[in-house]
Amino acid sequence: MLQAGLMMDRPLLISGIIEHAAAQFGDVEVVSRETHGPLFRYTYEQCAARSRKLANALKGLGLEAGSAVGSIAWNNHRHLEAYFAVSGSGMVMHTCNPRLAPQQLIYIINHAEDAAMLFDSTFAPLIKGIAPYCPKVKNWICLSDAANMPAIEGVSMVCYEDLIAPHSELFDWPEFDERSGAALCYTSGTTGNPKGALYSHRAIVINAISGCLPGILSLSPSDAILPVVPMFHINAWCIPYAAPIGGARLVLPGPRLDGASLYELMEGERVTVSAGVPTIWLGLMQYVEEHGLRFSTMKRTGVGGSAMPAALIAKFVDNYGVEVRHGWGMTETTAVATMSCLSPKNRELSPVEQHAVIARQGKSVFGTEIKVVDEYGATLPRDGVAQGELMVRGQWIVSGYYKGEVSPLVDGWFPTGDIATIDAHGVMQIRDRAKDVIKTGGEWISSIDLESAAMGHPAVAMAAVIGVKHPKWDERPLLFVVRKPGKTVEREEILAFLTERVAKWWVPDDVIFLEALPVGGAGKVQKGDLRKQYGGVFS
Ligand code: ADP
């Protein structure tokens with residue numbers, strides 16, 4: 001018979017994170033770039049006090065455990081306070097992506113039954129448009145002080161600072177089951193309506209602890225972390241929870257995510273670690289190169305959300321001494337599920353080979369397991385060659401969608417819709433999204449590999465590849481290129497460059513030069529938009 005362990009059964013709750021930080025790292029700073037005005041700075045102790053004030057204020061509005069509170073906001077200190085106050089009170093923090101189409105925003109706000117909405121003044125025009133269609137939202141709360149309140153005709157709203165001002169800094173965080181819903185984030189809904197991933201306290205807390213591990217982001221009081229990944233996208237990969245657990249300074253970038261603004265913040269605030277999608281690092285690298293700058297404190301950066309091209313990894317590592325941690329995850333996996341890391345053996349490889357290792361999405365982190373399966377669901381060998389759908393399960397993987405009737409799971413595993421290989425050492429490589437893979441003459445071409453190869457050309461700033469209907473081959477690849485400022489490169493040169501790097505039948509049939517690629521709220525290239533516009537060019 002099994003013996004019960006004789007350990008206390010204390011629940012893993014989000015309120016515990018901010019109280020831990022207040023008690024242990026009370027003087028560690030949170031720095032926040034305001035939507036209006038200069039940098040704001042305070043400590044974890046002050047952040048905890050204001051989170052408690054907000055918890056009292058929300059209670060005063062009649063909200064209770066189980067209520068959903070939405071946010072449409074940048075990464076800033078008021079949004080951070082809401083992360084703790086809302087979930088800590090037993091309510092559900094529903095972060096909304098402001099770049100969703102207004103109809104989709106209205107859909108998710110109604111679907112989540114948000115009773116209050118916290119929003120940045122930047123989004124006042126958006127709020128004006130959606131508010132009439134969100135009847136359940138009784139409280140529109142602008143994350144602002146009185147001086148910077150926007151006027152929104154027809155919407156009665158309250159100023160955040162006025163709302164919390166009269167309330168006490170003391171609040172008894174309730175204790176409840178750690179499996180309760182803490183935060184809600186909807187997928188971007190490229191097919192059908194967005195679907196809600198409802199993260200439990202337990203999932204977030206253990207994911208955040210894992211984020212502090214040396215092989216992941218390695219967060220400790222010696223670090224200052226700048227999460228560029230938005231707090232409206234998968235809880236900013238749980239960094240707002242991980243930083244106070246590890247005791248790292250937290251530097252929040254507000255609305256300015258361009259290369260110049262990020263560089264200024266990294267240097268000014270002595271940032272040691274950051275995290276964001278590859279397009280952000282492209283912008284930053286371009287700025288740093290153009291101005292001949294160096295990083296004086298940055299040690300490493302976490303990157304994911306889409307594949308990080310090897311050429312960009314090489315620049316960060318070789319030219320700037322910034323280590324790249326390349327992870328994979330999705331809305332349904334709370335945050336990071338796999339992470340690339342060099343093993344001692346990998347460190348004996350040439351720099352180019354090491355970058356190729358980092359360009360893969362890495363090993364599953366403790367708490368998650370992965371496998372790849374064929375179209376019949378049979379597990380494929382871990383040989384680095386057999387490719388199939390990536391399946392994931394673990395402590396912080398969704399078991400179902402919010403109010404979803406049908407379970408997405410297959411034999412207890414979540415099917416990701418990504419096509420991947422796993423090698424004998426457990427290193428996973430995303431070959432493509434199932435919907436992006438190019439099916440040509442019965443074979444598959446990885447759009448990610450082609451993009452990565454094209455990005456290796458010195459005149460290419462950004463590249464995207466889509467499969468386009470072809471009368472003979474079913475689909476053929478079409479390459480989109482954004483040139484680097486001041487550089488000239490033409491179709492033939494790019495195609496010749498690719499011919500030397502990929503199989504002949506992979507070389508795209510054409511190249512289209514664009515001023516910019518369509519990019520969504522989370523900073524990812526929107527291939528759906530490209531397909532809509534260019535999907536018929538070979539027919
Ligand atoms: P969406 O991108 O559809 O808005 P998610 O943020 O949930 O929504 O995206 C998850 C998807 O992003 C994964 O299924 C995968 O296709 C892609 N992805 C995430 N990280 C990586 C990575 N490191 N390399 C390649 N693709 C990635």
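What pairs come up if the first residue lies in region 347-374 and is on the phi > 0 side of the Ramachandran plot, the second is at pLDDT below 95, and their beta carbons are under 9 Å apart, counting only those six or more places apart or on different chains?
What qualifies is 362/341.
Which of the residues spanning region 197-217 are assigned to a loop (DSSP other than H, G, I, E, B) and open to solvent by 30 Å² or more (accessible area, probe 1.4 Å)?
Within region 197-217, 213, 214, 215 meet the criteria.
Of the residues 490, 475, which is open to solvent by 40 Å² or more (accessible area, probe 1.4 Å) and either touching a residue at least 12 places away in the same chain (Cβ under 8 Å) or more than 16 Å from the ligand (Cβ to nearest atom) (or both)?
490
State which residue is nearest to the ligand (Cβ to nearest atom) when the search covers only region 336-346 and only residues that are touching a helix residue (DSSP H, G or I) at 6+ places or on another chain (Cβ under 7 Å) and outside any loop (DSSP other than H, G, I, E, B).
336
Got a sec? Which strands (runs of 3 or more DSSP E) wholly within region 128-196 have at least 2 residues that are open to solvent by 20 Å² or more (accessible area, probe 1.4 Å) and touching a Cys at 6+ places or on another chain (Cβ under 9 Å)?
157-159
Quick check: is even one residue across region 435-444 within 25 Å of the chain's Cα centre (by Cα), under 14 Å from residue 307 (Cβ atoms) and either within 13 Å of the ligand (Cβ to nearest atom) or open to solvent by 20 Å² or more (accessible area, probe 1.4 Å) (or both)?
yes
Does residue 235 satisfy the criteria of being at pLDDT below 95, touching a strand residue (DSSP E or B) at 6+ places or on another chain (Cβ under 9 Å) and not in a strand (DSSP E or B)?
Working: at pLDDT below 95: no; touching a strand residue (DSSP E or B) at 6+ places or on another chain (Cβ under 9 Å): yes; not in a strand (DSSP E or B): yes.
So residue 235 does not fit the description; no.
Could you please let me know if residue 482 is of a type in the set (A, V, I, L, M, F, W, C) and in a loop (DSSP other than H, G, I, E, B)?
no
All but one of (1) within 16 Å of the ligand (Cβ to nearest atom); (2) among the polar types (S, T, N, Q); (3) open to solvent by 30 Å² or more (accessible area, probe 1.4 Å) hold for residue 220, so report the exception by its number.
(1)
Output the qualifying pairs, or none if there are none: Cβ atoms under 6 angstrom, residues six or more apart or on different chains, first residue in region 300-324 and closer than 11 Å to residue 455 by Cβ and of a type in the set (Val, Ile, Thr), second residue more than 13 Å from the ligand (Cβ to nearest atom) and open to solvent by 10 Å² or more (accessible area, probe 1.4 Å).
Final answer for the pair search is 313/355.
Right, residue 480: assigned by TED's automatic domain parsing to the domain that holds residue 447, more than 16 Å from the ligand (Cβ to nearest atom) and under 26 Å from the mean Cα position of the chain (by Cα) or not?
yes
From the set of residues in region 300-335 that are assigned to a loop (DSSP other than H, G, I, E, B) and more than 13 Å from the chain's Cα centre (by Cα), which is nearest to the ligand (Cβ to nearest atom)?
By that ranking, first place goes to 308.
Within region 1-103, which strands (runs of 3 or more DSSP E) (wholly inside it) include 3 or more residues that are open to solvent by less than 10 Å² (accessible area, probe 1.4 Å) and farther than 30 Å from residue 187 by Cβ?
It comes to none.
Pairs, please: C-beta under 8 Å, at least 6 apart or cross-chain, first residue in contact (Cβ under 8 Å) with a residue 40 or more places away in the chain and in region 212-233, second among the acidic types (Asp, Glu) and not in a strand (DSSP E or B)?
Filtered contacts from region 212-233: 224/269; 226/269.
Of all residues in region 445-461 being without any contact (Cβ under 8 Å) to a residue 40 or more places away in the chain and assigned to a loop (DSSP other than H, G, I, E, B), which is surrounded by the fewest Cβ atoms within 10 Å (Cβ to Cβ)?
458
Return the residues of region 252-266 that are more than 18 Å from residue 322 (Cα to Cα) and either within 16 Å of the ligand (Cβ to nearest atom) or out of contact with any Ser or Thr (no Cβ under 8 Å at 6 or more places or on another chain) (or both); say none if nothing qualifies.
256, 257, 258, 261
The values are calculated or read from the model by the stated rules, or taken from the named source; none is laboratory data. Quick caveat, the model's predicted, so the values are computed rather than measured. Every residue, glycine as well, gets a Cβ built from its backbone with ideal geometry; the counts of neighbours run over all protein chains shown. All accessible areas refer to the heavy atoms of the entire protein, side chains included, with ligands and DNA or RNA removed. Shrake-Rupley method; radii C 1.70, N 1.55, O 1.52, S 1.80 Å.
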